[in-house]
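Participant: Here it is, the structure, as C-alpha cells.
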Amino acid sequence: MMDKEWNETILVVDDSPDTLEIIARNLKSVGFVVYTANSVTEAISVLDEIAVNLVITDYKMPRITGMDLIRHVRENYESTQVMMITGYATIEGAVKAVKYGAEEYLAKPFTDEELIEAVKRVISRARLRKSGSMDDSRDGMSNFGLLGESDPMQKVFSTIHKAAQISATVLITGESGTGKELVARAIHYSSKRASATFVPINCGGIPEGLLESELFGYVKGAFTGASESRAGFFQTGDGGTIFLDEISETSLAMQVKLLRVLQEKEVCMVGSHKSRKVNVRILAATNKDLLKLVEKGIFREDLFYRLNVITIYIPPLREREGDIVLLARHFAKKFAREMNINPPKFTGTFMDVLMGYHWPGNVRELENLIQRLIVMVDKAVIDVTDLPPHMRFSAVRGQSGPLRTLAEVETEHIRNVLAASGGNKTKAAQILGIDRKTLRNKLGSSELDE
C-alpha cells in the first residue's frame, strides 16, 4: 500500500535490467516516483530533463562509473541527494563515495526493507535541511519547551497526553539532559492541576540530613536552629504536583517516608507526631535503572512499583537523529531573539556533524552549544570550523567508520608499518618489536612470501 508521506522523485541507475526492475518496483510500492537509467550517460540525460530528489546509483558500470555520477550530481544539482549501491563493498569505497557526496552506501545483497529504510533516511535528512523555517507551533508540546518530530518523541508526547488525563504517579526515565523536568511540567500544565503549584525538587542536590525537613517541613524546636515552624515542599505544593528528580539518590530511610506519602497521602513534619493530609500528585525521574538498584538492595521494591504506575522513557538525542536539526534551529532562533540579532544559517556540513555526533549531554548539550555559537561566532553562516575541537574530525583522535575488532586494527597497523618500511620484513619486525616468525604468523605466510 502506497504511503502519501513518500512521494519524492527518484532516479535509479544500474546496468542490470533485473536490478533496476526490482528496486523500481519496491520504491514505487511505497509511493515514490521512480525513473530508471542503465548507464551514467542516460542518467545525465534524465537529470537534464526532470527534477530528481534522489539518485540511486550502482558503482561498477561500463565506461563511466557510479563514482563519476556522484561527483557530477554534487557539482551540478545542489538539491539532489545521492545514494550508492554496490556489490563490491569496501571500506575505502564507502569512504570515497561519502567524500564525493553520497548520503548512503548500501552493499549488495540487501533486503527490500534495508533499501527502503536507507532511502527514507536520505529523504528525511534532505527534508530537514530544506525546512529552515519550520513552524514550532505545529508541535503540540512546544509550549512546554518540548520539540520533536521523530517517532520516539511522538510516543513520548502521546504518553504525556494520556498521563495528564489521570492522577496516577509517573516515573520519567532517561539520560541526563534529555528533558525529564520538561516532561514533568508538560504533564502538570496539561492536567486539571495546572492552576496549582508545580514543585520541582532535586533529591540529589539536597543533603541527606536536610531532605526530610525540606520535603515535609518541621516544627519549632525540632532541631537546633529551628526557631519557628516551617512548611515543607509537600505542604506548599498541596493541590498541585511534586516532581522528585533524581529519586534514585534518596536513602532507604527516606524511601520509607516517601512510600508512606504515596500510600496514605499524608506527611508528618519533623519534630511532630501528628500527620497531615496532602493532596499532591507525585512525578518522579531518574537517569538510573531502578530495577537494577532494587536487585542490589539500594532501592525499595515496593516504592519502585508505587512510582512505576506510568513510565515515560525519554530517548537520548542520538536516537532522535531527525530532531537534531529541528532543535538546533529552534535554539538558534531563541538565543538570537534574546540578543536582538538575526539567527545565523547553518551549513549542510555543519548539520551533518551534529547528526553524526553522539551527544553524551543530550538536548542540554546541544542547547549550550548553540548558545555558545550564537554569542561567540559573529558570522551570518556557521560552519564546521566554528565547532569546538572535540566535535570536529581529527585524524589523530581516530578514524570514522564502523568499530573494528582488536585483531583487525592490529593487522592494519602491521600492514602500514610493512608498507612504510618499503616491504622490508626485518625492518618492519624491528619497528613492531617482534621477530619475523611472529610477523609471518600475524599476517599469514602468503602475505610475506618473497
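Participant: Would you point out the residue of the range 162-188, among those that are under 16 Å from residue 147 (Cβ atoms) and in a helix (DSSP H, G or I), that is nearest to the chain's Cα centre (by Cα)?
Facilitator: Selected residue: 180.
Participant: For the range 106-144, name all the residues that are among the hydroxyl-bearing types (Ser, Thr, Tyr) and at pLDDT 75 or above.
Facilitator: The answer is 111, 124.
Participant: Turning to a different aspect of this structure: Going residue by residue through the range 298-306, is there one that turns out to be part of a helix (DSSP H, G or I) and under 25 Å from the mean Cα position of the chain (by Cα)?
Facilitator: No: zero hits.
Participant: When the residues of the range 278-297 are filtered to those that are among the aliphatic types (A, V, I, L, M) and surrounded by fewer than 18 Cβ atoms within 10 Å (Cβ to Cβ), which remaining residue is farthest from the chain's Cα centre (by Cα)?
Facilitator: Taking the candidates together, the pick is 294.
Participant: To continue, here is another question. How many residues, within the range 419-442, are assigned to a helix (DSSP H, G or I) and at pLDDT 75 or above?
Facilitator: Of the residues in the range 419-442, 12 are assigned to a helix (DSSP H, G or I) and at pLDDT 75 or above.
Participant: Determine which member of the set 281, 276 is modelled with pLDDT under 90 and assigned by TED's automatic domain parsing to the domain that holds residue 218.
Facilitator: None of the others qualify; the one that does is 276.
The values are calculated or read from the model by the stated rules, or taken from the named source; none is laboratory data. Nothing here was measured: the structure is a model prediction, and the numbers come from that model. Reconstructed Cβ throughout: ideal geometry from the backbone, glycine too, with neighbour counts over all protein chains shown.
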